[in-house]
Amino acid sequence: MPGDSVPLQDRPCLSLQDSMLTQPRKSKSRGILSEGLDTECTPTDFILQFTPPRKQQRLFSKGKENDSNQFVLSRRSRRKDSSPNISWDQLPDEVVLRIFFCLPLQDLVRISVVCKRWQRLAFDESLWHSVDLEGMTHTALALQQVLRTGIRRLRCPRSFVEELHLTGRGSLQVVQMDLSSSIIPTLALEDIICRCRLLECLSLEGLQLSDTIISCLAKNTRLQELNLSGCSAFSAPVLTRMLKSCSRIQQLNLSWCTFDNNHIKSVVDNLSSSVTHLNLSGYRESLTLNDVKVLVEKCPQIKTLDLSDSTLLTADCLPVLSQLKHLLHLSLSRCYHIHLAALTDVGIMFPVLSQLDVFGLVQDSQLPSLKREMPHVSINSRPFSSIARPTPASRFVGSTSDRTMWNKKCRLRFGL
């Protein structure tokens with residue numbers, strides 16, 4: 001059997017660089033670690049072998065006249081401990097798990113080859129609640145192993161997955177998952193999504209999907225945030241069934257998908273009234289004024305709405321949108337049939353509006369006068385939409401905040 005097909009926990013001297021595995025550093029260490037997995041107990045001799053030596057007492061002489069009378073300089077123990085030494089095998093699982101909880105991802109994988117007990121505890125469900133695998137070059141084996149641990153939050157954007165083989169038919173416990181901009185076969189993605197029933201937040205931005213994937217998403221009735229921006233290869237009927245089933249969605253991003261008029265009609269006709277943040281940008285020849293009217297009627301609680309790059313919209317859409325009494329953020333960038341004169345009344349038509357994005361409609365020289373008309377509105381401050389995105393695009397890639405997922409960091413994180 002090739003080395004790459006060996007399960008993660010059975011590989012010696014583990015390192016997460018290059019699919020969480022590398023070759024062992026020394027053949028001697030490989031032999032010792034392999035023997036450890038043959039027993040449930042911790043190999044004490046192995047631990048002692050790598051324990052730092054005890055400090056030797058230092059000898060001093062008081063002077064030439066006392067060369068023969070050397071004395072020992074040592075630190076007096078503050079208290080005498082008469083209790084016997086406690087071995088790892090005597091510690092209960094709860095204590096060992098608490099120690100393992102403090103270890104980073106790479107070390108947690110390495111210690112799993114010490115013995116059978118450590119292997120079992122190192123992959124305990126409580127330690128793998130949330131994992132960030134961004135930055136791995138080959139993610140398939142790591143992703144396959146992580147999904148078996150009962151993970152609840154998985155962050156794995158911009159990853160490369162060649163193949164994925166999930167054994168059994170058990171469902172996954174994933175609640176939040178980010179696979180944005182990844183390269184993953186459609187069949188492998190189907191295998192993951194079809195095992196999920198508890199998803200609340202999901203981002204598949206930029207991926208090629210299928211009708212099977214959208215149909216499986218419909219079974220996740222707890223979905224609250226869904227990002228399918230830039231996705232393709234699914235039909236309008238399955239999109240209709242998914243939107244009807246997932247009636248709890250609050251944030252929905254369907255921008256720049258390969259949609260035709262039927263897709264747009266499926267979206268606006270079947271949106272839930274619970275939607276408060278919606279991105280339908282990028283439909284130059286598909287989104288019409290009638291669609292906007294239906295949208296406003298279906299979702300009266302919308303607070304953030306992005307209809308950018310909808311070139312069929314004119315100034316007639318503004319009175320319709322003004323019916324959204326809770327609208328705080330409106331994006332109409334590059335809707336070129338909406339003229340500057342129509343924007344001057346936006347401050348009056350939308351009394352609670354705080355942000356307006358009209359990139360491409362207002363020149364830099366015209367921006368100061370427009371701001372004077374609407375002093376309470378921030379204009380062109382958000383070039384990128386953050387609707388349903390796990391990591392807002394406005395953050396710098398590589399920064400500390402860039403590693404968050406829906407405003408929370410993952411406990412275990414792959415580090416280069």
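The values are calculated or read from the model by the stated rules, or taken from the named source; none is laboratory data. This one's a predicted model, so the numbers in the text were calculated from it and none came from an experiment. Positions of Cβ are backbone-derived with ideal geometry, glycine not excepted, and every protein chain shown enters the neighbour counts. What goes into the accessible areas is simple: the full protein's heavy atoms, side chains included, and nothing from ligands, DNA or RNA. Shrake-Rupley method; radii C 1.70, N 1.55, O 1.52, S 1.80 Å.
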If the viscosity is 1.002 mPa s and the temperature 20 °C, what Stokes-Einstein diffusion coefficient in µm²/s follows for the stretch 291-390 when Rh is the Kirkwood radius over Cα pairs? 157 µm²/s
Among 139-145, 159-165, the order from most to least packed when residues are scored by Cβ within 10 Å on average: 139-145, 159-165
re the stretch 175-220: pairs of Cα atoms spaced beyond 18 Å account for a percent value of 17 percent
Can you work out ³J(HN,Hα) from phi for every residue in the stretch 314-323, in order, using Karplus 6.51 cos²θ - 1.76 cosθ + 1.60 and θ = phi - 60°, giving whole Hz and x for Gly and Pro? 10, 5, 5, 6, 5, x, 5, 5, 5, 6
Can you give me the orientation-averaged projected area of the convex hull built on the Cα atoms of the stretch 135-294, in nm²? 8.8 nm²
When ranked by the protection proxy of mean other Cβ atoms within 10 Å per residue, highest first, what sequence do the peptides 278-288, 314-324 form? 278-288, 314-324
Mind listing the long-range amide H neighbours of L172? Cut-off is under 5 Å, sequence gap 5 or more, other chains count too, H placed in the peptide plane at 1.01 Å from N. C196, R197
Hey, what's the stretch 268-416 come to in accessible area per residue, 1.4 Å probe, Å²? 48 Å²
Going highest first, how would you order 249-259, 371-381, 176-186 by mean Cβ packing within 10 Å? 249-259, 176-186, 371-381
Computed over the stretch 76-187, the ratio Rg/Rh where both radii use C-alpha atoms and Rh is Kirkwood: 1.13
Which of the pairs K265/K325; K371/K408; K293/K409 have their Cα atoms more than 32 Å apart in this structure? K371/K408; K293/K409
Expressed as a whole-number percentage, the relative contact order of the stretch 127-219 with C-alpha contacts under 8 angstrom and at least six residues apart is 25 percent
